[in-house]
Amino acid sequence: MTELTRRYLKFFRTGDRVAVALFVVALAAGYAQFGAVASLDDVAKHFGHVTDSGTIQGVVGLSGTVIGLGLAVLRLSSLGALPLSSLADRWGRKRVLRQIFTTGLIVTSFAALSPSYWFFVACFAFARPLLSASSTLIQVMTVELSITAVRARRLAFIAAGAGIGAGLAAVLHGLIRGPNSFRWLFASALIFLLCVRPLLNMIPESAINTSTRPSARIGAVPRDLWFRLFIVAMVAATIGMITGPANGFAFVYGEGVLKLSPHLVAFVVTLSAFTGLLGLILGRRLADRIGRRWTTAIGVIGSALTSTFAYSGGRSSFIVGYMVGVTAAGLLAPAVAALATEVFPESFRATTGGWFVVAGVIGGIIGLAVFGYVSDSVHTTLTINALRVPALVTFLPLLPSLLLLRYLPETKDVVLSST
């Protein structure tokens with residue numbers, strides 16, 4: 001028996017089978033969430049009106065303000081992840097995850113029937129908080145079901161699942177072509193539901209400490225946790241300010257402005273899976289060696305710089321910026337997931353995870369609003385570097401907030417407590 005075979009057999013022992021189940025659930029949630037972004041250019045052209053004006057609306061069918069508003073609505077709907085996540089501190093992680101994950105995929109499939117752009121937005125706005133809360137609970141359960149030595153590794157594994165799901169949505173968008181290709185993409189969420197839901201039975205329930213019950217109000221946390229929560233929320237808002245426009249406008253910019261073919265976009269996304277994996281491996285190692293705080297700061301700064309570069313030139317800049325940006329996102333993922341959960345006690349860990357989502361939503365909405373408004377205001381015609389100024393104005397202002405990380409405890413060697 002080879003060493004590689006022994007490693008695979010070891011990986012699929014009971015504890016790691018749980019990690020595999022969480023990985024697949026994260027993949028399905030990532031796929032369903034990213035479908036709206038991956039197909040946005042097709043959706044805009046289908047429900048909009050393409051002209052020869054040279055503006056964003058002329059190129060992609062809808063104005064930057066309308067697209068940004070639709071993406072902002074999707075972000076805003078994610079605020080519902082807070083009460084849904086908070087319920088897991090009362091009713092149990094597994095019970096809540098099963099219900100919201102199932103409902104989220106079903107509603108995503110309804111978007112295949114969209115008669116208008118805003119119906120499409122409404123479907124994803126309903127599904128988004130369900131899937132965001134699912135992703136939050138997956139991270140919380142991964143932390144609670146892992147010992148200190150393997151926690152960052154498993155968080156990187158889960159982040160890889162979410163990234164692969166998002167990448168798969170982009171790849172299928174490039175391969176499934178036709179006037180109604182986006183409808184097939186949304187309908188495929190039902191296939192994931194049928195295949196993945198049985199795996200939820202493999203995931204054990206996290207034992208929630210019953211000696212310290214959550215506050216009566218959903219979303220409430222003890223006063224002595226407020227400062228830590230504020231710092232974590234500022235980090236989440238900064239990430240949202242960057243990733244909201246960087247992800248939301250990426251395919252519209254690449255396909256609509258730079259005229260990259262959907263097949264080339266699918267190829268770039270496929271290649272970025274390897275750069276993302278590199279980022280995850282590096283991020284896991286850095287999180288365990290230099291700590292969660294420093295790795296988080298490096299990842300956020302890297303995401304801001306690479307996203308700015310992607311919007312600052314032609315095709316080469318976009319492709320390089322996108323691929324290196326995926327590396328930065330991979331580097332960030334395990335560290336920020338660990339940091340956002342390990343600094344809080346078990347009794348409120350799902351609730352604080354919900355607040356992390358809320359802060360990211362607020363940052364994303366602000367980012368989308370600023371990016372869309374500046375892109376419409378600065379340029380009357382759309383050129384290959386027209387989004388450079390919106391990127392600079394949107395991605396960089398909140399980076400000094402990372403200095404707040406020094407006030408959080410370093411948790412890389414901490415054994416989790418349930419109190």
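No value in this document is a laboratory result; all are computed from the given coordinates. Being a predicted model, the structure only gives us computed values, none of them experimental. All Cβ positions, glycine included, derive from the backbone under ideal geometry; neighbour counts span all protein chains shown.
What the table below lists for this structure:
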item	result
Under Karplus coefficients 6.51, -1.76 and 1.60, residue-wise ³J(HN,Hα) of region 109-117 in Hz, glycine/proline x	5, 5, 5, 5, 9, 4, x, 8, 4
Relative contact order (%) - criterion: Cα under 8 Å, at least six apart; region: region 260-414	31 percent
Derived scalar couplings ³J(HN,Hα) [region 276-292; Karplus, 6.51 cos²θ - 1.76 cosθ + 1.60; whole Hz; x for Gly, Pro]	x, 4, 4, x, 5, 4, 5, x, 5, 5, 5, 4, 7, 9, 8, x, 5
Phi to ³J(HN,Hα) by Karplus 6.51 cos²θ - 1.76 cosθ + 1.60 over region 71-83, Hz, x for Gly, Pro	5, 5, 4, 4, 5, 4, 5, 5, 4, x, 5, 5, x
Per-peptide average of other Cβ atoms within 10 Å, ordering 71-78, 330-337, 112-119 highest first	330-337, 71-78, 112-119
Segment D224-L200, extension gain: residue separation times 0.36 nm, minus the distance between their alpha carbons	5.2 nm
Dmax and Rg, reported as Rg then Dmax, of region 233-279 (C-alpha, Å)	13.2, 38
Centre separation in Å (Cα based) which lies between region 82-137 and region 254-291	26 Å
Point-charge dipole on Cβ atoms (K/R +1, D/E -1) for region 236-322, about Cα centre, debye to 20	280 debye
